[in-house]
Amino acid sequence: MMCGAPTASQPATAETQAIADQVKAQLEEQENKKYATFKAVEFRSQVVAGMNYFIKVQVDDDEFVHLRVFQSLPHENKPVALSSYQTNKARHDELAYF
C-alpha cells in the first residue's frame with residue numbers, strides 16, 4: 001500500500017462494517033436521522049498519519065451514504081471519527097476521494 005494514495009475500491013469486509021458501525025451514531029446525530037439499515041458494501045483506504053477509510057454504506061433499498069472515517073495510529077488510543085460524509089448517493093455512484 002502506498003502512503004497517501006487511496007486504494008482501489010474493494011468489497012466491504014467484516015472489519016469495514018465494524019468501522020462503519022462505530023461512526024453510525026455520529027452520522028445519525030449530524031443528520032438528525034436514524035438508519036434501520038446500515039450495511040457497508042464497498043470501501044477504499046488511504047494511509048495518512050493513521051488511516052482514512054472511504055466507505056459506501058447502504059441505508060435504504062436504493063439509498064447510500066459515503067463516509068470518510070479517520071482511524072488514528074494505535075499508540076494514540078483514540079476512537080475512530082467520522083471526518084466527512086455525502087448523502088443522497090446511489091449504488092452506481094463512484095466511491096471517490098472527498
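As an exercise, identify the GluC sites (Glu not before Pro) in the chain lying in DSSP coil whose Cβ has no more than 15 other Cβ atoms within 10 Å.
94
Between residue 47 and residue 97, the simple label model (points 7 Å from Cα in the Cβ direction) yields a spacing of 1.6 nm. Using a 1.4 angstrom probe on heavy atoms only, work out the carbon and sulfur share of the accessible area of the chain in %. Answer for the chain: carbon and sulfur cover 49 percent of the accessible area.
Restricting to bridges with both residues inside the chain, how much of the DSSP beta-bridge set is antiparallel, in percent to the nearest 5?
On the way: 26 of 27 bridges.
Antiparallel bridges: around 95 percent, rounded to the nearest 5.
Can you show me the helix-derived [θ] at 222 nm for the chain, built from DSSP H runs with n ≥ 4 at -39,500 (n - 2.57) apiece and divided by the number of residues, rounded to the nearest 500. Walk me through the numbers on the way to the answer.
Working: 1 runs with 18 residues, N = 98.
Result for the chain, helices only: -6000 deg cm²/dmol.
Shown in residue order for segment 69-84 are the 3J(HN,Hα) couplings computed by the Karplus curve 6.51 cos²θ - 1.76 cosθ + 1.60 at θ = phi - 60°: 10, 9, 10, 6, 5, x, 5, 7, 6, 10, x, 5, 10, 6, 7, 6 Hz (x for Gly and Pro). Relative contact order for the chain: 25 percent, from Cα pairs under 8 Å spaced at least 6 residues apart, divided by residue count. A simple rule links phi to the HN-Hα coupling: the Karplus curve 6.51 cos²θ - 1.76 cosθ + 1.60 with θ = phi - 60°, which for segment 85-98 gives 7, 10, 9, 6, 9, 10, 3, 7, 5, 5, 7, 10, 4, 8 Hz, with x for Gly and Pro. Full extension of the chain segment joining residue 14 with residue 73 gains 19.2 nm, where the gain is 0.36 nm per residue of separation less the Cα-Cα distance.
Express the accessible area of the chain per residue in Å², computed with a 1.4 Å probe while the remaining protein chains stay in the model. Numbers along the way, then the final one.
Numbers: 5720 Å² over 98 residues.
Computed with neighbouring chains in place, this is 58 Å² per residue.
Quick one: angle between helix 14-31 and the longest Cα principal axis of the chain, in degrees between 0 and 90, rounded to 10, please. Helix 14-31 and the main axis of the chain meet at about 60 degrees.
The values are calculated or read from the model by the stated rules, or taken from the named source; none is laboratory data. Just so it is clear, the structure is predicted and the values come from calculations on it, not from any experiment. Cβ coordinates were reconstructed from backbone atoms using ideal geometry, including for glycine residues, and neighbour counts include every protein chain displayed. Note: accessible area is taken over every heavy atom of the protein model, side chains too, but ligands, DNA and RNA are not part of it. Shrake-Rupley method; radii C 1.70, N 1.55, O 1.52, S 1.80 Å.
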